[in-house]
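Peer 1: My structure is below; once you've seen it, I'll send some questions.
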Amino acid sequence: QVQLVESGGVLVQSGGSLRLSCAASGFTFSRYAMGWFRQAPGKEREFLAATRWSDSSTYYADSVKGRFTITRVNAKNTVYLRMNNLKPEDTAVYYCAASVSTQTMLQSDNKYWGQGTQVTVSS
């Protein structure tokens, strides 16, 4: 059974930093693309970052490029999202996702989701 469990979401002040974790189980982690998305109240879920399984190359949404960093540790079946210089508009529920490829992750609904972790950035 596939499980993605996010953690690390907290209340943080504007300008602060945070690292989210996503622990995966139930599938061959090293053979899956991993990604992070978020959903703010009243808004659609948006893509943030992804990493390929084959070479760990990374992709970012323009809105977070330079502030957020995705990394994966295959030996721990874990993917991280490091977030710097957080802003109130980063407040959202953050979701981890797994898919057979980054293309599939970004262009289809064929992906696994975690339950999400709340990040709140105060001004």
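So that you can scan it fast, the table gives a plain yes or no per residue for (1) in contact (Cβ under 8 Å) with a residue 60 or more places away in the chain; (2) assigned to a strand (DSSP E or B); (3) out of contact with any Lys or Arg (no Cβ under 9 Å at 6 or more places or on another chain):
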position	(1), (2), (3)
Gly42	no, no, yes
Trp53	no, no, no
Ser56	no, no, no
Leu86	yes, no, no
Ala97	yes, yes, no
Thr104	yes, no, no
Thr120	yes, yes, yes
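Peer 1: What's the number of the condition Val5 fails, among (1) modelled with pLDDT of 95 or more; (2) on the phi < 0 side of the Ramachandran plot; (3) in contact with a helix residue (DSSP H, G or I) (Cβ under 9 Å, 6 or more places away or on another chain)?
Peer 2: Status for Val5: all satisfied but (3).
Peer 1: Considering (1) closer than 17 Å to Arg31 by Cβ; (2) of a type outside the set (Gly, Ala, Ser); (3) modelled with pLDDT of 95 or more, say which one Lys87 fails and leave the rest.
Peer 2: (1) is the only condition that Lys87 fails.
Residue-wise test of (1) surrounded by fewer than 13 Cβ atoms within 10 Å (Cβ to Cβ); (2) among the polar types (S, T, N, Q).
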{"position": "Arg52", "(1), (2)": "no, no"}
{"position": "Tyr60", "(1), (2)": "no, no"}
{"position": "Gly66", "(1), (2)": "yes, no"}
{"position": "Asn74", "(1), (2)": "no, yes"}
{"position": "Asn77", "(1), (2)": "no, yes"}
{"position": "Tyr80", "(1), (2)": "no, no"}
{"position": "Asn84", "(1), (2)": "no, yes"}
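Peer 1: State whether the residues of the stretch 99-112 include one that is within 15 Å of the chain's Cα centre (by Cα) and under 29 Å from Ser123 (Cβ atoms).
Peer 2: Within the stretch 99-112, not a single residue is within 15 Å of the chain's Cα centre (by Cα) and under 29 Å from Ser123 (Cβ atoms).
Peer 1: Here is a list of conditions, (1) surrounded by 15 or more Cβ atoms within 10 Å (Cβ to Cβ); (2) within 19 Å of Gln3 (Cα to Cα); (3) out of contact with any Phe, Trp or Tyr (no Cβ under 6 Å at 6 or more places or on another chain), and Tyr32 meets all of them except one; can you say which number that is?
Peer 2: Only one criterion in (1) surrounded by 15 or more Cβ atoms within 10 Å (Cβ to Cβ); (2) within 19 Å of Gln3 (Cα to Cα); (3) out of contact with any Phe, Trp or Tyr (no Cβ under 6 Å at 6 or more places or on another chain) is unmet by Tyr32, namely (3).
The values are calculated or read from the model by the stated rules, or taken from the named source; none is laboratory data. Predicted model only: the values in this text are computed from it and were never measured. When we count neighbours, we look across all protein chains shown, and the Cβ atoms used for this are built from the backbone with ideal geometry, even at glycine.
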